[in-house]
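Below you'll find the structure, written out as structure tokens, and then a few comments.
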Amino acid sequence: MTETLKDIPEFFETDLGESIIARSDALGTFRELGPPDLCHIIKANAKPGVKDVGSYHYVSGVDASSSATLAAYLNSLTYSMDESQSWFPKSNAWRIRSGIYCCFNAFSRVDVRVEVKIPGGVESYYVDVRGERHEATATIWQETYLSAVLRAILYSDDSYYRLAGYRKIDPITSLSAEQRFLEAVDALYWKGWQLGSKPEIQVATSVHNHLTSGVMKYFGDSFRYGPAIELFEKLHKKDPEVGALLAQSYIGQNEEVKAVKVLYHDLKSAPMSYPLLHVQVDLLRSKGEYQMALKLAKFAVDITPSEFLTWAKLTEVYIDVEDYKNALLTLNSCPMFTYSERDMHRMPPPARTHLPVKPDIISSGIMEEDATGRETEADSNLLRLPAPALHGTFSKAYALLTRLAAKIGWDDLLRCRSQVFVMEEEYRMQKAKEEEKKISISQPREEQEQEAASASDAKSASSPTLEDKAATNEGAATQPTEGGSSAENQQETEEKEEKDELTEQMENVNLDDDAPTAESEEKSSHSPHIDQTSLEKPVQAAEDDKKEGAKTPAKQEASFSFGNKRLCERWLDNLFMVLYEDLRVYTFWRTESAHYRAQQMPYRKTGTEWELLGDLALRLWHEDEAKEAYEQCLDHKFSAKSWMRLLEIYAKEGNVQKALVAAVKLTVYHERWYHEIVYPTEIACSLNKLIRTAGLSKMQNILTSMNLPRPVQKLMTRYFDYGELFKVEGYEF
């Protein structure tokens with residue numbers, strides 16, 4: 001006898017209600033939008049003596065505008081009780097006895113909960129960080145509704161939010177629902193900064209926050225900025241900085257003249273607004289007006305030097321104008337912030353997990369499970385590449401560094417680096433010269449002091465015979481002193497040696513030395529090496545902790561100065577090593593591949609290796625090679641990531657047939673993992689790009705000609721139904 005839900009994921013509790021307790025305990029740790037909604041149900045069996053069972057799943061996209069809408073979701077689960085039990089006598093059947101729906105209000109930092117007893121009443125309240133219950137007001141409900149919609153929009157494709165048993169459904173399914181979303185945004189816009197912002201933004205503002213990101217993603221993914229323009233025109237009257245969002249929306253709607261007018265007027269009243277300046281910079285860059293863009297980007301840095309975004313934008317413009325030295329110096333000045341993980345709470349390990357697959361999906365014959373066995377194995381050189389572990393500002397900075405490398409090549413990048421930054425070897429040489437000079441200055445000074453002391457002793461002597469005494473006394477006096485100073489010198493030398501040894505150890509920790517360690521030798525004996533490349537390894541830049549030491553002598557002594565050279569930040573020095581590792585593996589792959597092709601031999605890699613090589617090529621701005629690698633990956637195994645990257649590439653190329661194949665594969669895969677959301681998603685965004693250029697009817701005709709199984713055809717037509725209902729550009733032809 002089964003107590004599971006049909007088609008809905010479930011985690012079964014060991015102790016009844018433990019998931020709710022874990023969520024309550026974690027409330028104080030949520031910093032931004034909060035975790036997905038939690039739906040907890042308790043099932044009872046009609047048979048006496050059978051214990052109640054508690055289970056839960058995560059969900060987003062449920063209408064959280066009132067207790068009635070959340071209660072309706074809980075009630076809908078009663079129809080999902082496994083139908084197989086209808087063969088059994090009613091006395092033995094499981095039924096849902098009660099449920100709790102938890103939805104985090106990211107504005108007021110409270111958890112709104114709706115409790116349903118079946119049959120029975122509905123109770124709603126919110127729990128604060130202290131665990132106390134309060135009655136939910138109309139304002140609390142509006143905030144909760146908007147928090148839920150923003151999570152559904154922003155978490156729809158978030159690669160850092162891959163949770164098992166996370167059900168995603170459409171947050172906005174009609175024009176009236178969209179209108180309600182816009183009304184809530186209008187009402188709560190000025191509180192948006194409280195939600196936090198993207199990891200590369202240090203201080204959330206009324207223009208840069210999760211609320212505005214959600215609005216821009218929602219309207220941007222379908223290229224229909226009309227409703228966003230109406231919203232921002234209203235809000236714009238209160239604050240000229242909103243002009244940045246309004247101008248962006250006008251540009252998205254191909255109304256650049258209106259965007260320019262908005263920027264012109266708003267920069268007069270808010271000249272110190274970097275978001276306004278950045279929209280203007282990007283518009284100028286799109287028109288090839290790089291010198292004008294450079295002036296504005298510099299000004300944005302001057303007025304907001306504490307934000308990563310301003311320095312990153314200036315770096316981009318320097319790359320546009322091919323001023324690579326200044327691009328490197330600017331990148332080095334970027335303020336870096338620690339990446340904080342997404343809001344999530346730890347749950348006690350479930351007693352068991354139920355992740356059902358819909359029968360329609362199984363019978364379609366299109367579903368492919370993730371591969372197992374040899375195809376999931378990969379060369380350790382590929383698996384250990386450090387770049388994929390970069391997040392937030394470090395990931396963005398690395399993208400700028402790889403763009404530089406793609407523009408000028410690795411050798412020129414290293415040359416450029418040594419021209420603008422102080423290298424470790426240079427620093428040591430300067431230090432040595434500085435020490436020599438100190439010694440040469442201090443020795444004559446000591447001799448002069450000794451002569452002066454002798455002369456004064458001679459003057460004070462009453463007879464010539466005392467001269468000898470003075471000399472003797474001087475000798476006697478200096479003896480112990482010399483003895484003392486030599487002991488001090490010895491101590492100093494020992495301390496210096498210790499310090500040098502410690503410094504050397506620290507350098508060994510920080511640097512990827514050529515000398516292999518015992519551990520690396522052991523590892524290398526078990527895995528093949530990819531090190532036969534002509535790539536020059538980057539030498540180390542002078543260390544951060546020597547900044548004071550490096551700057552002082554430069555001021556003191558012109559002949560040994562570093563001129564205009566700067567000290568390279570340790571994080572940027574590390575990124576050069578990360579880039580070297582990426583380029584080393586990439587170069588070897590391309591060389592090896594060409595060699596095999598020349599020999600007319602098959603070039604073999606596992607599915608996972610091809611996927612990792614695709615990621616590597618994409619990081620290094622080699623899209624054609626990435627496409628080739630992802631396609632090779634799919635010949636060996638199913639990979640949702642490879643299909644997603646290829647869908648983006650095919651959409652960019654305008655290849656409707658191939659894009660639809662990729663969209664079908666991904667939609668079936670997502671449906672299997674309870675991602676029932678149609679929009680906004682990466683799939684919908686790519687298909688909307690094609691609808692704009694090819695037209696909706698052509699897309700529909702090609703889909704029909706694919707002769708897909710009926711359930712899959714039905715899943716795919718949802719994207720086109722959305723396009724028709726919301727009048728996506730291209731829907732009419």
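The values are calculated or read from the model by the stated rules, or taken from the named source; none is laboratory data. No experiment lies behind these values; they were computed from the predicted model shown. For neighbour counting, all protein chains shown are included, and Cβ atoms are generated from backbone atoms with ideal geometry for every residue, glycine included. For accessibility, only protein heavy atoms count, side chains too; no ligands or nucleic acids. Shrake-Rupley method; radii C 1.70, N 1.55, O 1.52, S 1.80 Å.
Here are some notes:
- Of the peptides 133-139, 224-230, the ranking by mean beta-carbon count within 10 Å, highest at the top, reads 224-230, 133-139.
- Linear extension gain, T591 paired with K437, 0.36 nm per residue minus alpha-carbon span: 50.4 nm
- Taking θ as phi - 60° and the Karplus parameters 6.51, -1.76 and 1.60, the scalar couplings of the range 173-181 work out to 10, 8, 5, 5, 5, 5, 4, 5, 4 Hz in sequence order, x denoting glycine and proline.
- Calculated diffusion of the range 286-414, Stokes-Einstein form, Kirkwood radius summed over Cα pairs, 37 °C and 0.692 mPa s, µm²/s: 171
- Counting all C-alpha pairs of the range 379-430, share separated by more than 17 Å (%): 58
- Sequence-distant residues sharing a close amide H with A351 (under 5 Å, placed H): F12, E13, T14
- Cα pair distances of the range 206-251 binned at 10 Å [whole percent]: 29, 63, 8
- Solvent exposure of the range 578-733 amounts to 42 Å² per residue of accessible area, where only protein heavy atoms count and the probe is 1.4 Å.
- Probe 1.4 Å, protein heavy atoms only - accessible area per residue of the range 138-248 in square angstrom: 36
- Only Lys, Arg (+1) and Asp, Glu (-1) charged, at Cβ; the range 598-688 dipole about Cα centre in debye: 180
- Note on the range 173-230: the C-alpha convex hull projects to 4.3 nm² when averaged across all orientations.
- Mean Cβ neighbour count within 10 Å, used as a protection proxy, ranking 299-310, 239-250, 27-38 highest first: 239-250, 27-38, 299-310
- Largest-first principal axis extents, alpha carbons of the range 26-171, Å: 48, 35, 24
- Given charges at Cβ of Lys, Arg, Asp, Glu: the range 250-330 dipole, positive-most of H278, I303, T315: I303
- For a paramagnetic label modelled on T376 (point 7 Å from Cα along Cα→Cβ), amide N atoms under 17 Å away belong, within the range 607-632, to 607-612.
- Across the options M216, S147, S206, the greatest Cα extent toward the positive end of the charge dipole of the range 141-228 (unit charges at beta carbon of Lys, Arg, Asp, Glu) belongs to S147.
- Note on the range 680-733: with charges restricted to the Cβ of Lys and Arg (+1) and Asp and Glu (-1), its dipole about the Cα centre is near 140 debye.
- When each of K217/K407; K168/K641; K191/K237 is checked by Cα-Cα distance, pairs over 24 Å: K217/K407
- Divide the volume of the convex hull around the Cα atoms of the range 625-677 by the residue count and you get 74 Å³ per residue.
- Derived scalar couplings ³J(HN,Hα) [the range 131-144; Karplus, 6.51 cos²θ - 1.76 cosθ + 1.60; whole Hz; x for Gly, Pro]: x, 8, 8, 9, 7, 7, 8, 4, 5, 4, 5, 5, 4, 5
- Cβ-placed point charges (K, R +1; D, E -1), dipole of the range 1-160 about Cα centre in debye, nearest 20: 460
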